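Please treat every number below as a calculation from the coordinates, not as lab data. Computed from a predicted structure; not experimentally measured. Neighbour counts are summed over all protein chains in view; Cβ atoms, including those assigned to glycine, are modelled from backbone coordinates with ideal geometry.
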Amino acid sequence: MSKEAGPFAETAPSAAEAEAGERAAFRLAVLDGLRRSPRAIPAKFLYDARGSALFDAICELPEYYLTSIETAILTDCAPEIARLAGPGCALIEFGSGSSVKTRLLLDAMPDLAAYVPIDISRQHLDVTAARLRGDYPALPVRPVCADYMTLAALPPGVGAARRIGFFPGSTIGNLTPPEATAFLRRARALLGEGGALVLGADLKKDPQRLHDAYNDSSGVTAEFSLNLLRRINRELGATFNLAAFAHEAFYDPGHGRIEIYLRSLAAQSATVAGHAFEFAEGERVHTEYSYKYDDADIDALASSAGFTIVRRWTDPGRLFAVIYLKASS
Ligand code: TRP
C-alpha cells in the first residue's frame, strides 16, 4: 500500500520534510507580502517556537485580560456547554495550539466520541495529542494537520457523532469580516446538520483598555511583534536590523479593530532570501488585525454564516464573550 499523505496521514512526515515544507511556504509568503503595497505579512507566522512562548507570556500579562477572562467564563459555562452539546459528540478545535482551554471542555464532557484538534503546526499537534492521550486515556484523539481556513473535510475516523466546534481566544477577531463569514460557513459545512460551535470573541470596550492590551508596559508584546523579523532573519537568511523597527498597535474605532504593524524607524534596506527591499522612514508592515465585537456584530456574523445563537456568556465587566451557536436548519 502506498504511504498515506495529506492532512489525514497517520504517519507524520519526517521532521526534516515538515520543516522544509513550512520554510518554503514561509519564504513565499514573506516575499509576496513585502512586494505588496501596503506591505503585510500574515500573522500566523508570528508563532514559531519563540513566538509561541512569547504569546503564552502575553496571555499572562495583567493588561492582556482576554485569556484570563475567557478562561474564567469557560470554567463557569463548561457544564452548560456539555448539556447543550449532549452526550457522545465529537469536539473539533480550529487552531488548537496547546489546547489549554480545551481541557475545561474535555473535563466537562467525559463521554466525547473524539477530540479533533486542527492545527497548521505538526509539531504543536504532535506534542498536544501526546499530552492529551496521556491525561485522557479513554478519549480518541484524532489530530488533523491543516490550515483550518482551507480544510474541506474531516477524516473518516471522526465518524457520525454530532460535531461541536471550538474556536476560542478571539481568533475570529484576527479575520476580516468577510473572512470571518467565510470561515464560519466552512465550519458550518464541516460540522454538518445538527452541528454547533463554541466561539470566543473579545468585546468592544473603552479604547484605552484595548490599547493597553496590545501595548503592555513590560514590552513583551513588542518583543513578540519584532520576533517576526528575527524569525525571517534566522529562517530566510534576511538582514533586518531589529533595532530599526518598532511594534505599533492602536485601536481604530471606525473599523472596530486593533491594527498591528512593524514600523521602520529610518530609511533602510534589508535583504530577504537574496531579494533586496527598501523601507522609507515611518513605513509600516502590517501583521495583524484584531476585530472587537458587540452583540449586534455577533448577531450579524452568525446569521451571515447560517448559525443561530443559542446562548451567550460574558464576564461581569462585559470584556469578553463566549457564544454557543448552532447550525440553522
Ligand atoms: N489573537 C491575538 C489577539 O488578537 C493575537 C495578538 C495578541 C497579537 N497580541 C498581539 C498579534 C500582538 C500581534 C501582535 O489578541
Per-residue Cβ contact counts at 10 Å, fewest first, order PHE167, PHE183 as PHE183, PHE167
Considering the chain as a Gaussian network with a 10 Å cut-off on Cα pairs, which listed residue, ARG36, ARG162, ARG185, attains the greatest mean-square fluctuation? ARG36
Work out the charge dipole of the chain with +1 on the Cβ of Lys and Arg and -1 on the Cβ of Asp and Glu about the Cα centre, then indicate which of PRO117, PHE279, ILE41 is farthest towards its positive end. PRO117
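Fewest to most neighbouring Cβ within 10 Å: what's the order for HIS211, HIS286?
HIS211, HIS286
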Could you tally up the Lys pairs in the chain with alpha carbons closer than 24 Å? Skip any pair fewer than 8 positions apart unless they're on separate chains. 11
Sorting GLY86, THR67, ALA53 by the position of each Cα along the dipole of segment 47-94 (Lys, Arg +1; Asp, Glu -1; all at Cβ), the one nearest the positive end of that ordering is GLY86
Would the chain count as rounded, prolate or oblate if I go by the C-alpha gyration tensor, calling it rounded below 1.5 in a/c and otherwise prolate when a/b exceeds b/c, oblate otherwise? oblate
Choice from ARG257, ARG163, ARG311 showing the highest fluctuation, given a GNM over the chain with Cα pairs closer than 10 Å: ARG311
Along segment 152-168, Karplus-curve 3J(HN,Hα) (6.51, -1.76, 1.60; θ = phi - 60°) to the nearest Hz, with x for Gly and Pro, reads 9, 7, 9, x, x, x, 5, x, 9, 4, 4, 9, 10, x, 9, 9, x
Once the Cα atoms of helix 49-59 and of the chain are each reduced to a long axis, what angle between those two axes, in degrees from 0 to 90 to the nearest 10, is obtained? 70
Within a 10 angstrom radius of the beta carbon, how do SER68, SER96, SER218 rank from fewest other beta carbons to most? SER218, SER68, SER96
Multiply the residue gap between ALA29 and VAL127 by 0.36 nm, knock off their C-alpha separation, and tell me the result in nm, one decimal place. 32.7 nm
How high is the relative contact order of the chain? Use alpha-carbon pairs under 8 Å, at least six apart in sequence, and give a whole percent. 19
ALA243 paired with ARG36, simple spin-label distance in nm, labels 7 Å along Cα-to-beta-carbon: 3.1
Residue of GLY21, GLY86, GLY282 that the Gaussian network model of the chain assigns the largest fluctuation, springs spanning Cα pairs under 10 Å: GLY21
With unit charges on the beta carbon (Lys/Arg positive, Asp/Glu negative), name the residue among GLY165, GLY192, LEU175 whose Cα is farthest towards the positive pole of the charge dipole of segment 155-203. GLY192
